[in-house]
Amino acid sequence: MTKHTCSCAGHSVAAPGTPLKLHTTRRPALKLPKLITVAKRDEPIYRQLIDAAKKASEDAYQPYSQFNVGAAVLTFDGQIHSGFNVENCGYSQTIHAEEAAVTNALTSGLLKRAASHGLSQFEAILAVAVYAPKGSDPWPCCNCRQFLGEFGYDMHIIGEQPADGKILCLTLGQLVPFPFPIKEVLESVRGPR
């Protein structure tokens, strides 16, 4: 392999067209964030939320993947809104369960109700339960993590551990440790509120 010296830093690099070998580890050890212990007084509403996600998963339209997903959103005022995945042969047009549940919550006037209580879009959703009968955990896909981030990173993402039914709970922020700064973008467009 012919080496050339980069004029900007004096480092050797592979000749054009030659595969480059990096010396940095490409696969760092990944660790699941520490699960949040759900308070006993929150368990009943979280179980209700999980049950709503389970029920929603039964109606999923999933002819291509055969993978049902249901989600349920708990709003600041105690309302629960559910949704399920709706697949499309043009895969990018598929609607994810989390998107459907949040859209149902928004359709109910969630943001107006939140604003009337002095809350922003980032405080309107308290928790989202996700359930997939064939799944092993409740954590949303990356697309849904980005979608949910539009409504804040403090919300709880919950579900059941398949083996024993224990409630699993993390914040969205734990699942997205370096999120896109949505609040900053909004403030740059419309100013602080």
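Each value in this text was obtained by applying a stated rule to the coordinates, not by laboratory testing. Note that this is a predicted model, so its numbers are computed, not measured. As a convention, Cβ positions derive from the backbone with ideal geometry for all residues, glycine included, and neighbour counts pool all protein chains shown.
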Notebook entry, point to check: Which of 39, 22, 116 sits farthest toward the positive end of the charge dipole of the chain, with +1 on the Cβ of Lys and Arg and -1 on the Cβ of Asp and Glu?
Noted result: 22
Next item on the list: Give the long-range amide H neighbours of residue 157: residues separated by 5 or more places, or on another chain, with amide H under 5 Å away, using H modelled in the peptide plane at 1.01 Å from N.
Entry: 128, 170, 171, 172
Notebook entry, point to check: Efficiency by 1/(1 + (r/R0)^6): what FRET value for residue 47 and residue 176, r their Cβ-Cβ distance, R0 = 25 Å, to the nearest 0.05?
Noted result: 0.45
Notebook entry, point to check: Taking Cα atoms of the stretch 39-190, Rg/Rh with Kirkwood Rh, to two decimals?
Noted result: 0.96
Item checked: Rounded to the nearest 20 debye, dipole of the chain from Cβ charges on Lys, Arg, Asp, Glu -> 720
Next item on the list: Using only the Cα atoms, work out Rg/Rh for the stretch 133-185, with Rh taken as the Kirkwood radius, to two decimals.
Entry: 1.03
Margin query: With the crude spin-label approximation of a point 7 Å out along Cα→Cβ, what separation in nm comes out for residue 89 versus residue 190?
Written below: 4.0
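When the helices in the chain are scored as -39500 (n - 2.57) per DSSP H run of 4 or longer and the sum is shared across all residues, what 222 nm value do you end up with, to the nearest 500 deg cm²/dmol?
-8000 deg cm²/dmol
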Notebook entry, point to check: Once both labels are modelled 7 Å past Cα along the beta-carbon direction, what's the residue 113-residue 62 spacing in nm?
Noted result: 2.8
Next item on the list: Could you name the lysines whose alpha carbon sits less than 30 Å from that of residue 55, not counting residues in the same chain fewer than 8 places away?
Entry: 34, 40, 112, 134, 166
Notebook entry, point to check: Please state the relative contact order of the chain as a whole percent: Cα pairs under 8 Å, 6+ residues apart?
Noted result: 17
Check: What does the highest-first list of 101-110, 67-76, 31-40 look like by mean Cβ count within 10 Å?
Finding: 67-76, 101-110, 31-40
